[in-house]
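Note sheet for the following structure.
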Amino acid sequence: MKRFTYFLFLALTLSFTACEQAGHSCCVKPTAAAAGKTTATTVANTTGALTDLSLYNLASDWTNQDKQPIKLEKLRGKVQLVAMIYTSCGYACPRTIADLQVLEHALRKYKPEELGITLVTLDPTRDTPARLKAFAAAHHLDARRWTLLTSQPDNIQELAALLNVKYTNDFEGNISHSNVITVLNTAGEIIYQQEGLGTNPAETVKAVEQLQQAM
Amino acid sequence: MARQLFILMLVLSTCHLALAQKSAPATMARIKGGTFVPLYGAGKTAVPVKGFQLDKFPVTNAEFLAFVQQNPKWRKSEVKRIFADAQYLRHWTTGQSIGTDAAKINNSPVINVSWFAAKAYCECQGKRLPTVNEWEYAALASETKADATNDEKFYQRSLEWYSQPNPEYLPSVQSSFRNYYGVYGMIGLVWEWTADYNSTMLVSDARTTESNNQQQFCGAGASSATNVKNYVAFMRYAFRSSLKPNYTVGNLGFRCAQSINTQLAKR
């Protein structure tokens, strides 16, 4: 009898586990409306609730170039320049990096605590954290300023959608994508977007300066 | 002892029933894999589409209401603006009920939903949004042919639908034609969200300066299309490329898809 009870429990546990798996962690994704609320209580002392238009409402899990798991909300609190790239990209991405470095230089009066630059890969299969780190080193990207991120394809797709980045894989390892540098305010809201390559950075610089002055 | 066994059986079977309902959906049709040439894609070559399952009908107001009731964060009053704009579910009177028009539209496709909302709905069902390629591939089918690209009559009918204004109340999801795969209303009901709606490069994509210049000009979008005759598909690609993930539109709904592998794995 005892044995049977034990068996019953085991069976129940198993069957509930199966049920849970079938339940698909319903609606934990993609949003993070709920997570936004939790965060509001946990980090309220520094930042308070996320605003409605904050990109940091995305609750997805990311990994940085040091293999540390991070939430996008970690980027909060400083102005961010954000671009989506992939490291095996031969043509556009090096120019995007160059454009970002032009901006970094023009905005060098702001410390890494005030202005961050975030690169997000569109190619999570090849762009491992190690590869992102090597890419950062090869381009002399200051780790205090630059964050390189990767995640699951689905999470990358959501972020790309919010950043209005269009991209597609061409089955030969190339990823066509629109070249956009986004300025996020400290709350993670899109303030300005610089489109194209080799674009005159004046407007972007102005957007960042205005945000910094407002702080 | 027998009673315990009975309870055990009951518990197990409830779960398995739930599982079975989720993974062997009578509400989905199997789309056989194949290849097709997308209007916009990698060059002008055929791309493969793996076999997949597709909802027979677009998601209805009643179905979406059930989802919203279970998931308060997707209610009109709760949803964050970054995930759905201010017009979200505008045709419902409240976040928790369809309202006065319920009887007329319960069984009509839900509209005024954002990409995030559509995606969340599908994930809740253990499904996902179809990709652009999957959707376009399944939409090639007429009543009798898997690929009706060269069927003038079919094309003409599609064109006529796209040229009609939206009715005040959308018809029920069953009312549109049933295609070769047993899927209803791919053309003739509403526009539909796709997972990678943002994959078409109709904006100037500066990967090569040449195409960038080309795309500065009006009509450049069509110039890279594979079949300029297919105006119906062109409208769909153009429409998609104008969307943002929190946009909601009065004639834009969705249906869900499922990969065949995932489905087997869950069994």
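The values are calculated or read from the model by the stated rules, or taken from the named source; none is laboratory data. Not measured: the values here are computed from a predicted model. Virtual Cβ from ideal backbone geometry, glycine too; neighbours counted across all protein chains shown. Ligands, DNA and RNA are stripped out before the accessible areas are found, and what is left, the full protein with its side chains, is counted by its heavy atoms. Shrake-Rupley method; radii C 1.70, N 1.55, O 1.52, S 1.80 Å.
Take the conditions away from chain A (no Cβ under 14 Å), within 24 Å of B:Ala195 (Cβ to Cβ), surrounded by fewer than 23 Cβ atoms within 10 Å (Cβ to Cβ) and out of contact with any Asp or Glu (no Cβ under 7 Å at 6 or more places or on another chain) and apply them to B:Asp147. Does it pass?
Yes, satisfied.
Restricting to the range B:71-89, count the residues that are over 21 Å from the mean Cα position of the chain (by Cα) and touching a residue at least 40 places away in the same chain (Cβ under 8 Å).
So the count comes out to 1.
Count, please, the residues in the range B:60-82 that happen to be within 26 Å of B:Met28 (Cβ to Cβ) and either open to solvent by 40 Å² or more (accessible area, probe 1.4 Å) or touching a Phe, Trp or Tyr at 6+ places or on another chain (Cβ under 6 Å) (or both). Walk me through how you get there before you give the answer.
Taking the range B:60-82 first, the residues within 26 Å of B:Met28 (Cβ to Cβ) are B:60-71, B:74.
Pick out the ones that are also either open to solvent by 40 Å² or more (accessible area, probe 1.4 Å) or touching a Phe, Trp or Tyr at 6+ places or on another chain (Cβ under 6 Å) (or both) and you get B:62-63, B:66-70.
Final tally of qualifying residues: 7.
Looking only at the range A:162-187, which residues are farther than 17 Å from A:Asp123 by Cβ and facing chain B (nearest Cβ under 9 Å)?
Matches in the range A:162-187: A:Leu162, A:Asn164.
All but one of (1) open to solvent by 30 Å² or more (accessible area, probe 1.4 Å); (2) more than 9 Å from chain B (Cβ to nearest Cβ); (3) over 22 Å from A:Lys109 (Cα atoms) hold for A:Glu195; which doesn't?
(2)
Which condition from (1) in contact with a strand residue (DSSP E or B) (Cβ under 9 Å, 6 or more places away or on another chain); (2) among the small types (Gly, Ala, Ser); (3) under 28 Å from A:Lys206 (Cβ atoms) is the one that A:Ser60 breaks?
(3)
Condition check: assigned to a strand (DSSP E or B) and small (Gly, Ala, Ser). Does A:Gly116 satisfy that?
yes
Being closer than 24 Å to B:Leu170 by Cβ and touching a Leu at 6+ places or on another chain (Cβ under 6 Å) narrows it down to one residue among B:Lys56, B:Lys76; which is it?
Values: B:Lys56 fails: touching a Leu at 6+ places or on another chain (Cβ under 6 Å).
Within the list B:Lys56, B:Lys76, the selection yields B:Lys76.
For the range B:239-265, name all the residues that are hydroxyl-bearing (Ser, Thr, Tyr) and either modelled with pLDDT of 90 or more or not in a loop (DSSP other than H, G, I, E, B) (or both). Outline the logic, then answer.
We begin by selecting, within the range B:239-265, every residue hydroxyl-bearing (Ser, Thr, Tyr); these are B:241-242, B:247-248, B:259, B:262.
Passing the criteria: B:Ser241, B:Tyr247, B:Thr248, B:Ser259, B:Thr262.
Could you count how many residues in the range A:164-182 are crowded, with 22+ Cβ neighbours inside 10 Å, under 22 Å from B:Tyr247 (Cβ atoms) and of a type in the set (A, V, I, L, M)?
Matching residues across the range A:164-182 total 1.
Is the range B:65-82 home to any residue that is more than 14 Å from chain A (Cβ to nearest Cβ) and among the polar types (S, T, N, Q)?
no
Suppose the filter is over 25 Å from B:Val49 (Cα atoms), surrounded by 18 or more Cβ atoms within 10 Å (Cβ to Cβ), at pLDDT 90 or above and in contact with a Gly (Cβ under 7 Å, 6 or more places away or on another chain); does B:Val173 pass it?
yes
Which of the residues belonging to the range A:99-119 are within 19 Å of the chain's Cα centre (by Cα), open to solvent by less than 10 Å² (accessible area, probe 1.4 Å) and touching a residue at least 40 places away in the same chain (Cβ under 8 Å)?
Result: A:Leu100, A:Leu115, A:Gly116, A:Thr118.
Could you tell me which of the residues A:Ser54, A:Ser88, A:Ser15 is open to solvent by less than 10 Å² (accessible area, probe 1.4 Å) and at pLDDT 65 or above?
Answer to the check: A:Ser54.
Check off (1) open to solvent by 60 Å² or more (accessible area, probe 1.4 Å); (2) part of a loop (DSSP other than H, G, I, E, B); (3) among the charged types (D, E, K, R); (4) touching a residue at least 24 places away in the same chain (Cβ under 8 Å) for A:Arg131 and give me the number that stays unchecked.
(2)
Could you tell me how many of the residues in the range B:230-255 are of a type in the set (Phe, Trp, Tyr), open to solvent by 40 Å² or more (accessible area, probe 1.4 Å) and over 27 Å from B:Asn107 (Cβ atoms)?
Within the range B:230-255, the first condition is being of a type in the set (Phe, Trp, Tyr), and the residues that meet it are B:231, B:234, B:237, B:239, B:247, B:254.
Then drop every residue that is not open to solvent by 40 Å² or more (accessible area, probe 1.4 Å), which leaves B:231, B:234, B:239, B:247.
Then drop every residue that is not over 27 Å from B:Asn107 (Cβ atoms), which leaves B:231, B:234.
Counting residues in the range B:230-255 that are of a type in the set (Phe, Trp, Tyr), open to solvent by 40 Å² or more (accessible area, probe 1.4 Å) and over 27 Å from B:Asn107 (Cβ atoms) gives 2.
Would it be correct to say that B:Ala103 is surrounded by fewer than 15 Cβ atoms within 10 Å (Cβ to Cβ) and away from chain A (no Cβ under 12 Å)?
Yes; evaluated as a whole, the condition is true for this residue.
Got at least one residue in the range A:141-152 being surrounded by fewer than 15 Cβ atoms within 10 Å (Cβ to Cβ), modelled with pLDDT of 95 or more, closer than 17 Å to A:Lys67 by Cα and within 14 Å of chain B (Cβ to nearest Cβ)?
yes
From the list B:Tyr121, B:Tyr162, B:Tyr137, pick out the single residue that is in a helix (DSSP H, G or I), buried (at least 18 other Cβ atoms within 10 Å of the Cβ) and more than 14 Å from every other protein chain (Cβ to nearest Cβ). Break it down stepwise before answering.
Details: B:Tyr121 fails: more than 14 Å from every other protein chain (Cβ to nearest Cβ); B:Tyr162 fails: buried (at least 18 other Cβ atoms within 10 Å of the Cβ).
Only one candidate passes the filter, namely B:Tyr137.
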